[in-house]
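The block underneath contains the structure these notes are about, expressed in structure tokens.
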Amino acid sequence: MPVQVQRTTDVDVIRDLSIRTFTETFAASNTEQDMRDFLERDYNRDVLAEQINDPDSTFFLVTVDGTPAGYMKVNVGRAQTEEMGDDALEVQRIYILREFKRHGIGTLLMNTAMDQARQLGKTRIWLGVWEHNDAAQAFYKRFGFTRTGQHDFYVGDDRQTDYLMERRWNKAAGADHSSIRTRCFALCHLYSKVSFTSGSMLMMIDV
């Protein structure tokens, strides 16, 4: 099955993926009211359209055989959810539908985000992950992320804790791994084709 990563401004696709993936992953850990309030507040069409139109945010859509499978949102500058400075890139969301998890898509997106950060001249990449999401934390640690702090994250009226994790590198060192094309070879045993559309080099993680 061909896997494609491309920039997207399709608010309806992003909204559908946001609601479906967040519900699949977190509904069992939150009340119905808190889930409903969160989804209506954070994933309504106007909010997502504003984020999509922000020049400091970029959405990357992943399709598998033409079917939307998930997306990634990265932020720089003022779009970051914490004041991290101009040398940082935030991975705010990697959302993957349950049926497409554990096929390497999360790894593909994380590698893409790190390459994007280097191309933009950033020296660090960071993200927030729910304190009880052990699988996601282990995933990020495999990419060299370490815990640097924490912040509050609200689902409805429920105040929860996200751990902040970060990875740094020296700008002069450049990429410390092989290129995107080389990394994609790891997926070739699962998919017949992995492609990036023009200009598209370019968290719900259970990959």
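Just so it is clear, none of the values below were taken in a lab; they were calculated from the coordinates. This one's a predicted model, so the numbers in the text were calculated from it and none came from an experiment. Cβ: placed from backbone, ideal geometry, glycine included. Neighbour counts: every protein chain shown.
Take the convex hull of the alpha carbons in region 65-179; its mean projected area over all directions comes to 8.3 nm². Would you work out which of Thr23, Ile52, Gly121 lies farthest towards the positive end of the dipole of region 2-196? Charges go on Cβ: Lys and Arg +1, Asp and Glu -1. The one lying farthest along the dipole's positive direction is Gly121. Extension gain, Asp134-Ile52: 0.36 nm per intervening residue step, less the Cα-Cα distance, totals 26.6 nm.
Only counting other Cβ atoms within 10 Å, I'd like Tyr43, Tyr140, Tyr163 sorted with the fewest neighbours first.
Fewest to most other Cβ atoms nearby, the residues stand as Tyr43, Tyr163, Tyr140.
Under the shape rule built on the C-alpha gyration tensor, where the axes satisfy a ≥ b ≥ c, region 1-64 is oblate, since a/c reaches at least 1.5 while a/b does not exceed b/c.
Shown here: region 28-113, whose C-alpha atoms stretch 36, 34, 23 Å along the first, second and third principal axes, sorted largest to smallest. The charge dipole of region 37-102, taken about its Cα centre with unit charges on the Cβ of Lys, Arg, Asp and Glu (plus for the first two, minus for the last two), comes to roughly 440 debye. Put simply, when 28-38, 101-111, 9-19 are sorted by average Cβ atoms within 10 angstrom per residue, most first, you get 101-111, 9-19, 28-38. Compared with the direct C-alpha span, the chain from Thr31 to Asn44 gains 2.8 nm at full extension, assuming 0.36 nm per residue. Where q = 0.13, 0.15, 0.16 Å⁻¹, what log10 of I(q)/I(0) comes from the Debye formula for region 2-196, counting one point per Cα? Each listed q maps to, in turn, -0.71, -0.98, -1.13.
Relative to the current alpha-carbon distance between Arg159 and Glu99, full extension at 0.36 nm per residue lengthens the span by 18.7 nm. Here Lys122 is the anchor, and the aspartates and glutamates within straight C-alpha reach of less than 13 Å, apart from those fewer than 8 places off in the same chain, are Asp86, Asp87, Glu90, Glu166. The label-point distance for Phe143 and Glu82, in a model that sets each label 7 Å from Cα toward Cβ, rounds to 1.6 nm.
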